[in-house]
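First the structure, in the form of structure tokens, and then the observations on it.
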Amino acid sequence: MSGATGTSSIGLLCKRNKPVFTEVAGRLRNAGYRVRFFHPQSGLSPRQAADLSLIVNKKTLPVALPALWRARRSGTPLWNNLQATIVLSSRLVGLRAASKMGLHTPDISFEKPTGEYVAKGAYVWGSDPALNGVGDFYQELIPTEPVDYKYYAVNDGDRTHVEGRRVTSKLYGRKRFLSRVQPAPTITAALRTFIDRFDLRGIGVDFVKGEAGQYWAVDVNLAAGYRDTDLEAALTDSIIGSLPGE
């Protein structure tokens, strides 16, 4: 299919007010592709899915999974493959996968630890992590400043772009962008391996930096927002490269 003939229609499973994907949609339209937004909580009808050339499952909630499964069965490709989307929706599986990629991950327990900890829901679409709260499992709190290091990787079909950013931790208030960071070589290599092993187009991994300077992976996210990353061009190329025949 070719964007120049106007035959390719791309569905973005994403809210319209997301700035990065609003810009990506504009870039795709300028390249000659048709683009439609679908609210993540609305799901997709079989006909809607069949009318699309590609579904960009930027945000995946349980309500959308049956439609994505039907779409994949009928031949409509997904930007991030369905198997990885389902498997990595489990926070525990995501953390286990991160460990297998050579990344350090905090200890996990299913009973509240005696010290400080982070409570988390079993799935990425559940409640936000909470400091010393109640959750499905409990993650060791790494002593650190209240800052997260958010890493993003996007495979555009030719190479995998990796960017890192410092943001304030949501455990202590509203997330706020602080600065760019030069991606650490070990993390970059691990994320590229992650992309290759799971056949992904895009992924986000959250880290904290311990007192000894070691980075700990604390969350894996296939529904990353890519905000403040300057990855709009790579995302656009990645989506176009995922279209059948491109």
Considering the range 7-37 alone, what residues qualify as being over 22 Å from Ala50 (Cβ atoms) and basic (Lys, Arg)? Lys15, Arg16, Lys18, Arg27
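Table: residues versus (1) of a type in the set (D, E, K, R); (2) over 24 Å from Ala64 (Cβ atoms).
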residue: Gln83; (1), (2): no, no
residue: Ile86; (1), (2): no, no
residue: Leu95; (1), (2): no, no
residue: Pro106; (1), (2): no, yes
residue: Glu116; (1), (2): yes, yes
residue: Gly135; (1), (2): no, no
When you scan the range 51-60, do you find a residue that is more than 18 Å from Ser242 (Cβ to Cβ), under 20 Å from the mean Cα position of the chain (by Cα) and in a loop (DSSP other than H, G, I, E, B), even just one? no
When Thr229 is run through (1) open to solvent by 20 Å² or more (accessible area, probe 1.4 Å); (2) in contact with a Phe, Trp or Tyr (Cβ under 6 Å, 6 or more places away or on another chain), the failure sits at (1)
Tally of residues being under 12 Å from Thr85 (Cα atoms) and either at pLDDT below 85 or not β-branched (Val, Ile, Thr) (or both) across the range 33-65: 8
I'd like to check something: does the range 185-195 contain any residue that is outside any strand (DSSP E or B), aliphatic (A, V, I, L, M) and modelled with pLDDT under 95? no
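The values are calculated or read from the model by the stated rules, or taken from the named source; none is laboratory data. Keep in mind that what you see is a predicted model, and the values were worked out from it rather than measured. When we count neighbours, we look across all protein chains shown, and the Cβ atoms used for this are built from the backbone with ideal geometry, even at glycine. Remember, those area values only see protein heavy atoms, side chains included, never the ligands or the DNA or RNA. Shrake-Rupley method; radii C 1.70, N 1.55, O 1.52, S 1.80 Å.
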